[in-house]
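Okay, so here's the structure we're looking at.
The values are calculated or read from the model by the stated rules, or taken from the named source; none is laboratory data. None of the values given here were measured: they were computed from a predicted structure. Positions of Cβ are backbone-derived with ideal geometry, glycine not excepted, and every protein chain shown enters the neighbour counts. Quick note on the areas: whole protein, heavy atoms, side chains included, nothing else; ligands and nucleic acids left out. Shrake-Rupley method; radii C 1.70, N 1.55, O 1.52, S 1.80 Å.
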Amino acid sequence: MKVLVIGSGGREHAVIRKLKENGEIDQLFCAPGNGGISVLAKPVNIKATDLEGMVQFAKDEGIDFAVVTPDDPLVLGMADAMEAAGIPAFGPSKAAAQIEGSKVFAKNLMKKYGIPTAKYQVFDDPAQAISYIQLENQFPTVIKADGLALGKGVVIAQNLEEAKEAVRSIMEDKIFGKSGSQVVVEEFLTGKEVSVLAFTDSHTVVPMVSSMDHKRAYDNDQGPNTGGMGTIAPSPYYTKEAASRCMEEIFLPTIEAMKKEGCPFKGCLYFGLILTEQGPKVIEYNCRFGDPETQVVLPLLKTDLFTILKAVREERLSELDIQWSDGAAACVILASGGYPKTYETGFPIQGLDEKGEHPGVVVYHAGTKRQDSRFLTAGGRVLGITGLGKDLSQALEKAYGAVKTITFERAHYRTDIGKK
C-alpha cells in the first residue's frame, strides 16, 4: 500500500506516526510535510491546496489511499478530487466541509435543527454589525469571521471599542481576506470548554478521548488567539453524564442534520464545546482532526488508525470496536517568539536526536526543516512535546521536563498548560 497524507504540521506528524504502526502500508508520502515528518514519510513538494498538482502526483505515483487532514484543501474539495480520480480518500466532501468553512452555514444549521449553541446574528455590513452590538450592549461579545482564518478568526471583545475595532479589521481592513465578508456576532458563553473529535461515516459516530486546548499565546489565557499553545487529554470536566448528553443532543443530531441537508459528513468531525449551566453547547465545528488536540488524542488510541480511516470511508464504522488507553496525555507547544504575530525562523534546535526525537516523550514537528541532519525552526508553532502518564500530573511532568531541555533562540511556551 502507498498512502499519501496531505498537510505539513504537528497534526500530520501525529497521523503519520500512527499510520506507521500498520503493516499493510509499504510507503508513506506527505505533501508538503516538514523536517520531522521527513524521517517517517517521503516529503512531496506540493502545496496542500494545489488540488490539480496533488491529484496528478497521486495518479503518477500510484497512491492507494489519501488522507486529507487540513481545513483549506478539504474546503476546496480535495477529498472529492481524489475520489473522482479513483483514489480512495479519508476526509469530508467539499459540501460537508462547509461546516467549518462557513461559520454562517454552521450556525444556521444548528438553529434549524435545534442543536444547542450561542444566540447569534449574521452581518455582511459593518455598520449594521456595530449597531447590533451597541443595541445588545452585552460584553464580552464574540465576533467571528465567516470563513477560514488559520484558527485566528475569532475575537472576544471586552467592550464596545474592541468590538468596533474587530468588526472593522475583519470586514473593512480584510485582515482575513474574503473570510471576513460576513461576520457572526454571538453571545459570550461561560463554562468549561472541551474539544471532542469524532470518527463518523455519516451513520455511526465514535467520539475520541476528550481534550482541552489552550488557545491564548500567554499564561493565564492572556494575549492573542493562536492555533493552540497546548492540550491535555482527557478533559477532567467531560463527565460520563456530559458525554451522554453531547451524544444525544449534539453529535447524533449534527450527523442527521448534515444528511438532511444533502451533505453527509464522513471523516473526523471536531466538536468545540462549552459545558454551561444550561448544558453542553457548540462553540464551533471543525471538519478535520484538531491541531494540537490530535497530538494528545492519537497517542491514546489502541486500535489501528488505518483500519479506522478505511472503515469510515467505506461506511462500516459500526463494525469496529475502537479501544483507547487509560491514562492521560499532555502536549506543550514550543513556539517562535512573537507568534502568532511576527516572528523569525531558521534557528537551530538543540535537544533532539538525529531522528528529531527526545527520550521519554513524543516530539511532534509542526514547523521545522531538516538540514544536514539538524533541525531548524521553520514556522510559528515549531514543536509539540507530548508526555504520557497514568494521570494528568505525570503526563505534564514528562512534557515540561523535556520542554526545559529542548531549546532554540527566542523559543516561547506557556508554563500553565493543564494547571486549571
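What to note about this one:
- Surface accessible to a 1.4 Å probe, per residue, for the residues of the range 177-261, Å²: 40
- Taking label positions 7 Å along the Cα-Cβ direction at both GLU24 and GLU193, the computed distance is 3.7 nm, reported to one decimal.
- Using the Karplus relation 6.51 cos²θ - 1.76 cosθ + 1.60 with θ = phi - 60°, the per-residue 3J(HN,Hα) values for the range 200-205 come to 8, 10, 5, 10, 9, 10 Hz, with x marking Gly and Pro.
- Prolate/oblate/rounded call for the chain, Cα gyration tensor, a/c under 1.5 rounded: rounded
- A simple rule links phi to the HN-Hα coupling: the Karplus curve 6.51 cos²θ - 1.76 cosθ + 1.60 with θ = phi - 60°, which for the range 165-180 gives 4, 5, 4, 5, 5, 6, 8, 9, 7, 6, 5, 10, x, 4, 4, x Hz, with x for Gly and Pro.
- Entry comment: accessible area of the range 281-328 is 33 Å² per residue, from protein heavy atoms only and a probe of 1.4 Å.
- Shape call, the range 366-415: gyration tensor on alpha carbons, a/c limit 1.5: prolate
- Vicinal HN-Hα couplings computed from phi for the range 261-268 (Karplus, 6.51 cos²θ - 1.76 cosθ + 1.60; Hz; Gly/Pro x): 7, x, 9, x, 9, 10, x, 10
- Among THR190, THR303, THR294: highest mean-square fluctuation, GNM of the chain, C-alpha pairs under 10 Å: THR190
- With every protein chain in place, the chain: carbon and sulfur % of accessible area (1.4 Å): 47
- Backbone amide hydrogens, once placed in the peptide plane, bring ALA89 within less than 5 Å of ALA66, excluding anything fewer than 5 places away on its chain.
- Ordered from largest to smallest accessible area (heavy atoms of protein chains, 1.4 Å probe), the residues LEU273, LEU76, LEU252 come out as LEU76, LEU252, LEU273.
- Shape category assigned to the range 276-333 from the gyration tensor of Cα positions, a/c cut at 1.5: oblate
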